[in-house]
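Asks: Got a structure here, written out as structure tokens. Questions coming.
The values are calculated or read from the model by the stated rules, or taken from the named source; none is laboratory data. For clarity, every value in this text was computed on a predicted model and none was experimentally measured. Cβ placement follows ideal geometry from the backbone for every residue including glycine, while neighbour counts extend to all protein chains displayed. In case anyone asks, the SASA skips ligands and DNA or RNA and just uses the protein heavy atoms, side chains included. Shrake-Rupley method; radii C 1.70, N 1.55, O 1.52, S 1.80 Å.
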Amino acid sequence: MQQNNYEGQLMSTPYPKPDPYGTLSMPIYNTLAYEFETAEEMEKVFTGKEDKHFYSRISNPTVEYFENRVKNIVKAHGVTALNSGMAAISNAFFTLAWSGSNIVTTSLLFGNTYSFFVSTLKAFGIEIRFCDLTNAEETAACIDENTCAVFAEVIANPQMEVVDLQMLSDVAHKKNVPFVADTTLVPFTVFRAADFGIDIEIVASTKYISGGATSLGGLIIDYGTFDWAHSSKLKSVPTESENAFNFKLRKEVQRNLGAYMTPQSAYMQTLGLETLSIRFKRQAGTCLKLAEKLQSLPEVKRVNYTGLPDNPYYEISRKQFGELPGAMLTFDLESRERCFTFLNNLKLIRRSTNLFDNRSLIIHPASTIYGVFTPEQRVAMDVKDTTIRFSVGLESAEELFDDICQALNG
Ligand SMILES: *Cc1c(COP(=O)(O)O)cnc(C)c1O
């Protein structure tokens, strides 16, 4: 698969002039409210007849600039920036779902998404249908007239299951249901969601885009590819049927939930966006090298990285994401105790959560992110006591491998 160069494109949208100082970068408009010349203009803006900022819970120039840069890169219909990945997920599903509707998904999900589905949404009468999303017939059989979305993560965190996106999209579309995917683990510089039939893309920009772990953020990217006349909830939204999701989200849900991105975060995430492609190539390249090297160590029982040819998802991963499917891998040691000793012995690699920081980060998911789930739930989510999750940073492969070896032997 050909690797595209995005470095130029990531920088290409200029900040609209005139600016009194001719600033090169978009300033942080650290403002809540905006002033109007006349009451008539105010009326027009507040009633949506004129498009201007009026309150920063709804829109802000610095955040809008970040949204527009993403929009230009992915060629989307609408991009909405929220204050975390979970805010993006909750805003998207409060827009899509209704009491009595169901979501068809898998139990191999990011922990908070799982909890949002089975605890938060369930209390509003929304049913969560877990099925094997790698199986087209089973997935099709789970969908009915009350299905509001088929939802998947492009690479499950931390289980690393990879679904066939075009297959899932075809299954969903055949039943007039939108396909929603969390693409956090593979940035849009290597993989364009719309090319694989994803209608609504969700990104925790906290991760790859922020880069240096500077700020939380989430994106809802609407490709305008689904005809919402098929949705019993969104068909009555007063706009063209392709725009119904975006309209409902921007004119209602996002305002009411109040989790819009702050201008400070948007500024930092815009900077992160500019180095995204370069950081990704370096970090994912190192990740592949380390995955290969880790396989040769007798203490390491299993390495899970979909860029390794013996991985069960290698072919589909390569088709969708190319040679470098992300900068996160997991590996298994003999026991939970071995995992803890190993973590405690590390000198360079940091014990921390988060993904795709500039620094390499390591965590034992079963005792931390999944620590409050019951052992049965962990089994259902395929989170093992022997598994370590490793997010590869900008350090060299040699330095990282040396640290791993000394920690295993120490
Ligand atoms: C981190 C993460 C989220 C949530 O993002 P936050 O910004 O922490 O709310 C959602 N999905 C995936 C796959 C993630 O890794």
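Asks: Among 299, 274, 252, which is assigned to a helix (DSSP H, G or I), touching a Leu at 6+ places or on another chain (Cβ under 6 Å) and open to solvent by 20 Å² or more (accessible area, probe 1.4 Å)?
Replies: It is 274.
Asks: List the pairs whose first member sits in segment 356-382 and is in the same structural domain as residue 339 (by TED's automatic domain parsing) and on the phi > 0 side of the Ramachandran plot, whose second member is of a type in the set (Phe, Trp, Tyr) and modelled with pLDDT of 90 or more, and whose Cβ atoms are under 6 Å apart, counting only residues at least 6 apart or on separate chains?
Replies: Listed pairs, sorted by first residue: 356/208.
Asks: Under 8 Å between Cβ atoms, at least 6 apart or on separate chains: pull out the pairs that start in segment 291-316 with a residue that is under 17 Å from residue 158 (Cα atoms) and end on any residue that is surrounded by fewer than 16 Cβ atoms within 10 Å (Cβ to Cβ).
Replies: Correct list of pairs: 301/334; 303/295; 307/323; 308/292; 308/295.
Asks: Of all residues in segment 26-57 being acidic (Asp, Glu) and part of a loop (DSSP other than H, G, I, E, B), which is least open to solvent (accessible area, probe 1.4 Å)?
Replies: 50
Asks: Being away from the ligand (no atom under 16 Å from the Cβ), surrounded by fewer than 19 Cβ atoms within 10 Å (Cβ to Cβ) and not in a loop (DSSP other than H, G, I, E, B) is true for just one of 358, 344. Which residue is that? Reasoning before the result, please.
Replies: Details: 358 fails: not in a loop (DSSP other than H, G, I, E, B).
None of the other options fit; the residue is 344.
Asks: Identify all residues within segment 187-236 that are within 16 Å of the ligand (Cβ to nearest atom), assigned to a loop (DSSP other than H, G, I, E, B) and within 15 Å of residue 96 (Cβ to Cβ); write none if there are none.
Replies: Hit for segment 187-236 is 198, nothing else.
Asks: Another question, if that's okay. Could you tell me whether any residue of segment 311-324 is of a type in the set (A, V, I, L, M), closer than 28 Å to residue 216 by Cα and not assigned by TED's automatic domain parsing to the domain that holds residue 190?
Replies: Taking segment 311-324 and keeping what is of a type in the set (A, V, I, L, M), we get 316, 324.
The next check asks that each one be closer than 28 Å to residue 216 by Cα; those that pass are 324.
Among the residues that remain, those that are also not assigned by TED's automatic domain parsing to the domain that holds residue 190 are: 324.
So far as segment 311-324 goes, yes, one or more of its residues are of a type in the set (A, V, I, L, M), closer than 28 Å to residue 216 by Cα and not assigned by TED's automatic domain parsing to the domain that holds residue 190.
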